[in-house]
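Peer 1: Can you read through this structure? Questions will come right after.
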Amino acid sequence: MAKQAAVEMKNITKRFGSKVVANKNVSLKAYRSEILSILGENGSGKTTLMNMIAGIYFPDEGQIFIDGQEAVIASPKDAFSYKVGMIHQHFKLVDVFTATENIVLGINDGKYNLKESTKKIKEICDKYGFEIDPDKKIYTMSVSEKQTVEIIKVLYRGADILILDEPTAVLTPQETSKLFDVLRRMRDDGKCIIIITHKLHEVMALSDRVSVLRKGEYVGSVNTAETSQEELTEMMVGKKVDLNINRSQPKDIVERLVVEDLSCVDRQGTTVLDKVSFTANAGEILGIAGIAGSGQRELLEAIAGLQKNIDGNIFYNDPNTGNKEDLIGKSPVEIRNLGVRLSFVPEDRLGMGLVANMDITDNMMLRSYSKGKTMFLERKPPKNLAEKIIDELDVVTPGVSTPVRRLSGGNVQKILVGREISSIPTILMAAYPVRGLDINSSYLIYNLLNEQKENGVAVIFVGEDLDVLLELCDRILVIGSGVVTGVVDARTATKEQVGLLMTKSKEEIAGDANE
Amino acid sequence: MIIQMITRAILLGIPMLYGAVGEIITEKSGHLNLGIPGIMYVGAIGGVTGSFLYENACGNSIDNMSPFLSVFIPLMCSIVGSIIMGLIYSFLTVTLRANQNVTGLALTTFGIGIGNFFGASLIKLVDSDMPSIALTKTSQFFCKELPFADELGWFGDLFLSYDFLTYLAIAIALVSAFVLRRTRVGLNLRSVGESPATADAAGINVTRYKYIATCIGSAVAGLGGLQYVMAYANGVWSNNAFGDRGWMAIALVIFALWKPDVAILGAFLFGALCNANNYIHGLGVEAQELFKMLPYVVTVIVLVITSMRKKREHQPPAHLGLSYFREER
């Protein structure tokens, strides 16, 4: 007798509006005591598909079976009654509530007694090895703590089918391996775990089986042990993809940006950068590695003129005039008026990089609004630029007049990077430019950065994936708690070496300096 | 003198307290209902119309009027009127997803218009010389003091001399503070206002919570209008007499940092500040207007202080003023 599937989806179709088909005729199965990866590129409908099991969306066609019984899941409440729990990519937590309050939210089990609930939460924590303070408010928590709360939330409801949407997108390597341990323990406990991801090495490391989606359609399922990264990529993209980054030897290295003793104090009065010094060379990619929130953002913003309360020197060597300019304390406009061609791809794409509600042309204009000769805006050049970017970078969009928020993450990023590159920068700073992007888009971005480097641009790349940093960059600057803990040659350094530098404490650095 | 000042402040504060508590309940569901001033007008005119009809039915003689009915009928008319306003607001903003600010402001204009229309019609019906209508008989029932208030001297004056709607206002404020803080319903309601997507994913019926909270909030706010006419103004309705108390109630919500129990004290303070000009001699008309500004000045100061301290618990519900639609991408 064949094993009974915990979840079975049969011929599921979901449309948004009349044009967009998110899922088309998808059928798949997930079993108990198994970790199933749902693999697919951005916009391939992974999340939409899983949202239908969690009751967020309702399928237009097709059936869902839970343990062999047909299930109608019209709301998240129905999903709970089938013991399905989903951990969304964007956490669904109330910031001003405590962990306990968030966990019991929406449960109706008679008496409202937070103390009892806290006890039950502690039991769950002990069972699976979570560490969390149930009385801590969500807004004071780190990302990985929030994720833990989300997982406990579904376990508290007795879920034994768990769906995790891109759970590692925001975690450090250490946090990721901790999460994987917990997931394995839950699998051994007989639960059915489904994880949505596009990171191949995670699929290989964690899951027992992989189901692949491409453009909303089901491609197939394979056992992880019997497949390879190359085969999975081919299933996912539909064609062979070269997973190598072509790193060229840097040539004509000139010092472009020299940062000396840069310190920065944030609005709360905490020192976020402490005497950071480094050089960024033209024709080179300088990687910046560090645990999230170690001062990477402030560093880039300080250079871009977006931070106040900074101290130190930022010298810019102008390639045209040969002048040396100090950028410290200058606003973005002043920096631009000095003739510094600085491009910045911020971490928060739709917050700082682009205006979500404006269309692609208008977003292009954010860089050129002051260029026109008359008091009216010149719309033609930005429109041409928008069309060029859409064409060259294969942006999937209905047209140039589509609001940016309607596009998927990868396409948004292509537009932002495309715009920044189009201004022919001498310095290009990119913070986590591939966060949340699929393989194809990621490699496209890497290649664009490489191209810029070959054109003699000083590229500064803040990344979180150490494998990529080591493959893409020429040198890597490691920072920990706002201090430079080391600069390594990316061609010879190892992952462990960089990881060690990332976690180095201030005292150790001070000790090194004294020796 | 001081006792009189305090009782006066409390009387002035009570309509604002009703409005503020109603608005807090509404805002906790994520609805920024700027229709509160209009809803309070409708609550007032509803009660006035109800009692007018009942007084007429009894032949305008106080002997024929039953104490219970003469309180119950205006009360019900007021509540029904305000709930209809709440329903209109919810239907427009939740079901049709209209902009909350615009809807609220429209409701205020609409409510004041309705109030003045019915008020003027009633005034015309009685053919009175004055541009007002007096329902003093009904008001007597509303204003019944506690029987032993007079015997207890200043203590009785300060604590026991009010109409029952005043006590009801304080009770409602305390009960809603308790419900919001300590019960599951309160937790669910707060989560709807903070993050409807979270509440939805947790299996809470966001639409139902929004509708019910808005309607209950409107009913409570409407009582403020009724209390003003029946107790504060002794049953005399004249058009536009209610003034800007509704806006004051909304300022009070901010002042009270979205906490109904704090709103009680805030209401008394606002009442005292509104009344301050009467206790300072030699003020011209123009200087009086400046004094009437005091509650708003205090609100601004509180806003500045709380935003400087940046405590997350003191901020408005995170999803206030935004509409929620589950399948939005």
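The values are calculated or read from the model by the stated rules, or taken from the named source; none is laboratory data. These numbers come from a predicted model, not from an experiment. Cβ sites come from the backbone with ideal geometry, for glycine too, and all protein chains shown count toward neighbours.
Peer 1: Could you tell me whether any residue of segment A:311-329 is touching a residue at least 60 places away in the same chain (Cβ under 8 Å) and in a helix (DSSP H, G or I)?
Peer 2: no
Peer 1: Now a separate question. Could you tell me which residue of segment A:325-347 is farthest from A:VAL404 (Cα to Cα), considering only residues that are of a type in the set (Asp, Glu) and touching a helix residue (DSSP H, G or I) at 6+ places or on another chain (Cβ under 9 Å)?
Peer 2: Of the residues in segment A:325-347, the ones of a type in the set (Asp, Glu) are A:325-326, A:334, A:347.
Next, only the ones that are touching a helix residue (DSSP H, G or I) at 6+ places or on another chain (Cβ under 9 Å) stay: A:325, A:347.
Numbers: A:GLU325: 35, A:GLU347: 16 Å.
Selected residue: A:GLU325.
Peer 1: Consider A:VAL417 against the criteria (1) under 23 Å from A:GLN229 (Cα atoms); (2) part of a helix (DSSP H, G or I): it satisfies all of them except one. Which criterion is unmet?
Peer 2: Of everything listed in (1) under 23 Å from A:GLN229 (Cα atoms); (2) part of a helix (DSSP H, G or I), A:VAL417 misses just condition (1).
Peer 1: Every residue in segment A:59-104 that is without any contact (Cβ under 8 Å) to a residue 40 or more places away in the chain, part of a loop (DSSP other than H, G, I, E, B) and at the interface with chain B (Cβ under 9 Å from one of its Cβ atoms), please.
Peer 2: A:SER75, A:HIS90 - these are the residues of segment A:59-104 that are without any contact (Cβ under 8 Å) to a residue 40 or more places away in the chain, part of a loop (DSSP other than H, G, I, E, B) and at the interface with chain B (Cβ under 9 Å from one of its Cβ atoms).
Peer 1: Here is a follow-up. Out of B:PHE242, B:PHE255, which single residue is at pLDDT below 90 and farther than 24 Å from B:CYS77 by Cα?
Peer 2: Being at pLDDT below 90 and farther than 24 Å from B:CYS77 by Cα holds for just one of B:PHE242, B:PHE255, which is B:PHE255.
Peer 1: Taking segment B:74-130 only, how many residues are of a type in the set (Gly, Ala, Ser), over 24 Å from B:GLU27 (Cα atoms) and not in a helix (DSSP H, G or I)?
Peer 2: Qualifying residue count, segment B:74-130: 1.
Peer 1: Could you check how many residues of segment B:43-54 are touching a Ser or Thr at 6+ places or on another chain (Cβ under 6 Å) and not hydroxyl-bearing (Ser, Thr, Tyr)?
Peer 2: The total comes to 3.
Peer 1: Take the conditions part of a loop (DSSP other than H, G, I, E, B) and either more than 9 Å from every other protein chain (Cβ to nearest Cβ) or surrounded by 14 or more Cβ atoms within 10 Å (Cβ to Cβ) (or both) and apply them to A:ILE107. Does it pass?
Peer 2: Details: part of a loop (DSSP other than H, G, I, E, B): yes; either more than 9 Å from every other protein chain (Cβ to nearest Cβ) or surrounded by 14 or more Cβ atoms within 10 Å (Cβ to Cβ) (or both): yes.
Against the criterion (part of a loop (DSSP other than H, G, I, E, B) and either more than 9 Å from every other protein chain (Cβ to nearest Cβ) or surrounded by 14 or more Cβ atoms within 10 Å (Cβ to Cβ) (or both)), A:ILE107 qualifies.
Peer 1: Quick test of your reading of the structure: A:SER177 fulfils all but one of (1) crowded, with 20+ Cβ neighbours inside 10 Å; (2) over 30 Å from A:THR279 (Cα atoms); (3) not aliphatic (A, V, I, L, M). Name the failing condition by number.
Peer 2: (1)
Peer 1: Given (1) under 24 Å from A:LEU470 (Cα atoms); (2) at pLDDT 80 or above, identify the lone condition not met by A:ARG341.
Peer 2: Single failed check for A:ARG341: (1).
Peer 1: Can you name the number of the only condition in (1) in contact with a helix residue (DSSP H, G or I) (Cβ under 6 Å, 6 or more places away or on another chain); (2) in a helix (DSSP H, G or I) that A:PHE130 fails?
Peer 2: Going through the list (1) in contact with a helix residue (DSSP H, G or I) (Cβ under 6 Å, 6 or more places away or on another chain); (2) in a helix (DSSP H, G or I), A:PHE130 breaks only (2).
Peer 1: Just the residues that are more than 30 Å from A:VAL265 (Cα to Cα) and aliphatic (A, V, I, L, M), please, taken from segment A:471-489. Don't jump to the end; show me each part of the working.
Peer 2: Filtering segment A:471-489 for residues more than 30 Å from A:VAL265 (Cα to Cα) gives A:471-472.
A:LEU472 - this is the single residue of segment A:471-489 that is more than 30 Å from A:VAL265 (Cα to Cα) and aliphatic (A, V, I, L, M).
Peer 1: What residue, of A:MET358, A:MET364, is over 21 Å from A:ILE445 (Cα atoms), touching a residue at least 24 places away in the same chain (Cβ under 8 Å) and under 25 Å from the mean Cα position of the chain (by Cα)? It would help to see each step written out before you state the result.
Peer 2: Details: A:MET364 fails: over 21 Å from A:ILE445 (Cα atoms).
Being over 21 Å from A:ILE445 (Cα atoms), touching a residue at least 24 places away in the same chain (Cβ under 8 Å) and under 25 Å from the mean Cα position of the chain (by Cα) holds for just one of A:MET358, A:MET364, which is A:MET358.
Peer 1: Which residue, of B:LEU273, B:LEU257, is within 14 Å of chain A (Cβ to nearest Cβ), of a type outside the set (D, E, K, R) and over 15 Å from the mean Cα position of the chain (by Cα)?
Peer 2: Details: B:LEU273 fails: within 14 Å of chain A (Cβ to nearest Cβ).
Only one candidate passes the filter, namely B:LEU257.
Peer 1: Okay, next question. Which count do you get for residues in segment A:281-301 that are farther than 14 Å from A:ALA490 by Cα, of a type in the set (A, V, I, L, M, F, W, C) and assigned to a strand (DSSP E or B)? Walk me through how you get there before you give the answer.
Peer 2: Applying the first criterion (farther than 14 Å from A:ALA490 by Cα) to segment A:281-301 yields A:281-283, A:290-301.
From what is left, the residues that are of a type in the set (A, V, I, L, M, F, W, C) are A:282, A:291-292, A:299-300.
Of the ones still in play, those that are also assigned to a strand (DSSP E or B) are A:282.
Final tally of qualifying residues: 1.
Peer 1: Moving on to the next point. Confirm whether A:GLU116 is more than 26 Å from B:VAL179 (Cβ to Cβ) and either more than 10 Å from every other protein chain (Cβ to nearest Cβ) or not hydrophobic (A, V, I, L, M, F, W, C) (or both).
Peer 2: Numbers: more than 26 Å from B:VAL179 (Cβ to Cβ): no; either more than 10 Å from every other protein chain (Cβ to nearest Cβ) or not hydrophobic (A, V, I, L, M, F, W, C) (or both): yes.
Here the answer is no, as A:GLU116 does not meet what is asked.
Peer 1: Can you run down the residue pairs with Cβ atoms below 8 Å, 6 or more apart or on separate chains, where the first is in segment A:29-40 and under 13 Å from A:ALA205 (Cα atoms) and the partner is in a loop (DSSP other than H, G, I, E, B)?
Peer 2: Cβ pairs passing all conditions: A:ILE35/A:SER207; A:ILE35/A:ASP208; A:LEU36/A:SER207; A:LEU36/A:ASP208; A:SER37/A:SER207.
Peer 1: Counting only residues that are touching a helix residue (DSSP H, G or I) at 6+ places or on another chain (Cβ under 6 Å) and over 30 Å from B:THR136 (Cα atoms), which one in segment B:208-233 is surrounded by the fewest Cβ atoms within 10 Å (Cβ to Cβ)?
Peer 2: Of everything passing the filter in segment B:208-233, B:TYR211 is surrounded by the fewest Cβ atoms within 10 Å (Cβ to Cβ).
Peer 1: For segment B:170-187, does any single residue satisfy the condition of being loosely packed, with under 15 Cβ neighbours inside 10 Å, within 11 Å of chain A (Cβ to nearest Cβ), within 22 Å of B:LEU32 (Cα to Cα) and not charged (D, E, K, R)?
Peer 2: yes
Peer 1: Testing A:ILE66 on (1) within 30 Å of A:SER27 (Cβ to Cβ); (2) over 26 Å from the mean Cα position of the chain (by Cα); (3) at pLDDT below 90, one condition comes back false. Which one is that?
Peer 2: Every condition holds for A:ILE66 apart from (3).
Peer 1: Looking only at segment A:173-205, count every residue that is under 20 Å from A:ILE152 (Cα atoms) and of a type outside the set (Asp, Glu) and tell me the total.
Peer 2: Looking only at that region, the number is 19.
Peer 1: For segment B:310-329, check the following and say yes or no: at least one residue is touching a helix residue (DSSP H, G or I) at 6+ places or on another chain (Cβ under 9 Å), surrounded by 12 or more Cβ atoms within 10 Å (Cβ to Cβ), outside any loop (DSSP other than H, G, I, E, B) and within 14 Å of chain A (Cβ to nearest Cβ).
Peer 2: Yes, segment B:310-329 has at least one match.
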